[in-house]
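The values are calculated or read from the model by the stated rules, or taken from the named source; none is laboratory data. Just so it is clear, the model here is predicted, and its values are computed rather than measured. Positions of Cβ are backbone-derived with ideal geometry, glycine not excepted, and every protein chain shown enters the neighbour counts. Each accessible area value is taken on the protein alone, full model and side chains, heavy atoms only, with ligands, DNA and RNA left out. Shrake-Rupley method; radii C 1.70, N 1.55, O 1.52, S 1.80 Å.
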Amino acid sequence: MKIGVYPGSFDPFTIGHLDVLKNAAGLFDTVFVAVLNNNAKSPVFSVDDRVEMIDRMIETEGLTNVRSGSFSGLLVDYAKQIGAQYLIRGLRAITDFDYEFQIDAVNRHLNPDIRTVYFMANPAHSFLSSSSVREIGEMGGSIEGLVPACNYEYILERLARQK
Ligand code: PNS
């Protein structure tokens, strides 16, 4: 049974993330989307909000082999705890590579048995990031086509509440 963990801040989960997730769901028996629980990163959306949005997306997209979760502490420890042998990450551009290279080196050092699988982002999403979604939403722009449609209103309502 091949189990993968797709970790991230997902603040919020975008359609770029969804593209990577669908690719991973086609390759692995089970994929856990794991939200990092780390307030040091000053997330805009709470862990509960992010997991709720991911659950709604999983349901709407009919991703039957995808589960949600959250973790604090080391990612490789979480992966081991849930029986995952693979980590999943997306790469948008060369600028992501340096960051991912460093994360991979640390994770390999911590647990050489866990490997990371990378999916190239759809070029149509290469400009897209959670921070751009937050900024557009906060400034009253449209986030349609940037995040799963089932979460548009939830995201805009949460962003408005924080003003
Ligand atoms: O979406 P992000 O913020 O780029 O995801 C970063 C993430 C969650 C993959 C990374 O910060 C992480 O794994 N944090 C958990 C702590 C950890 O395991 N650190 C060692 C590897 S950097």
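Which residues, counting only those in segment 6-24, are in contact with an Asp or Glu (Cβ under 9 Å, 6 or more places away or on another chain) and more than 15 Å from the ligand (Cβ to nearest atom)?
The answer is 22, and nothing else.
Those residues that are among the aliphatic types (A, V, I, L, M) and either more than 13 Å from the ligand (Cβ to nearest atom) or more than 13 Å from residue 116 (Cα to Cα) (or both), I need them from segment 52-78; list them, please.
53, 54, 57, 58, 63, 66, 74
Given the conditions (1) farther than 14 Å from residue 147 by Cα; (2) within 16 Å of the ligand (Cβ to nearest atom); (3) surrounded by fewer than 21 Cβ atoms within 10 Å (Cβ to Cβ), and given that residue 48 satisfies all but one, which numbered condition is not satisfied?
Failed condition: (2).
Test residue 20 against the stated conditions and say whether it is in a helix (DSSP H, G or I) and either closer than 23 Å to residue 135 by Cβ or without any contact (Cβ under 8 Å) to a residue 24 or more places away in the chain (or both).
Against the criterion (in a helix (DSSP H, G or I) and either closer than 23 Å to residue 135 by Cβ or without any contact (Cβ under 8 Å) to a residue 24 or more places away in the chain (or both)), residue 20 qualifies.
Which condition number does residue 132 fail, the rest of (1) within 20 Å of residue 29 (Cα to Cα); (2) surrounded by 14 or more Cβ atoms within 10 Å (Cβ to Cβ); (3) of a type in the set (Gly, Ala, Ser) being met?
The failed condition is (1).
Checking residue 87 against (1) open to solvent by 80 Å² or more (accessible area, probe 1.4 Å); (2) of a type outside the set (D, E, K, R); (3) in contact with a helix residue (DSSP H, G or I) (Cβ under 9 Å, 6 or more places away or on another chain): exactly one of these is not met. Which one?
Against the list (1) open to solvent by 80 Å² or more (accessible area, probe 1.4 Å); (2) of a type outside the set (D, E, K, R); (3) in contact with a helix residue (DSSP H, G or I) (Cβ under 9 Å, 6 or more places away or on another chain), residue 87 comes up short only on (1).
Check every one of the helices (runs of 4 or more DSSP H) wholly within segment 79-163 and list those with 3 or more residues that are more than 13 Å from the ligand (Cβ to nearest atom).
Here the list reads 130-138, 152-161.
Taking residue 56 and the conditions (1) open to solvent by 30 Å² or more (accessible area, probe 1.4 Å); (2) in a loop (DSSP other than H, G, I, E, B); (3) touching a residue at least 40 places away in the same chain (Cβ under 8 Å), which numbered condition does it fall short on, given that it satisfies the others?
That leaves (2) as the condition not met.
Scan (1) under 11 Å from residue 5 (Cα atoms); (2) of a type in the set (Val, Ile, Thr); (3) more than 16 Å from the chain's Cα centre (by Cα) for the single condition residue 88 breaks and write down its number.
Among (1) under 11 Å from residue 5 (Cα atoms); (2) of a type in the set (Val, Ile, Thr); (3) more than 16 Å from the chain's Cα centre (by Cα), the lone unmet condition for residue 88 is (3).
Looking only at residues in segment 59-78 that are part of a helix (DSSP H, G or I) and open to solvent by 40 Å² or more (accessible area, probe 1.4 Å), which one is farthest from residue 126 (Cα to Cα)?
That would be 77.
Considering only residues that are surrounded by fewer than 18 Cβ atoms within 10 Å (Cβ to Cβ) and closer than 28 Å to residue 31 by Cα, which ones fall in segment 135-157?
144, 145, 149, 150, 152, 153, 154, 156
Checking residue 30 against (1) open to solvent by less than 20 Å² (accessible area, probe 1.4 Å); (2) away from the ligand (no atom under 12 Å from the Cβ); (3) within 20 Å of residue 130 (Cα to Cα); (4) not aromatic (Phe, Trp, Tyr), which single condition isn't satisfied?
With respect to (1) open to solvent by less than 20 Å² (accessible area, probe 1.4 Å); (2) away from the ligand (no atom under 12 Å from the Cβ); (3) within 20 Å of residue 130 (Cα to Cα); (4) not aromatic (Phe, Trp, Tyr), residue 30 is out only on (3).
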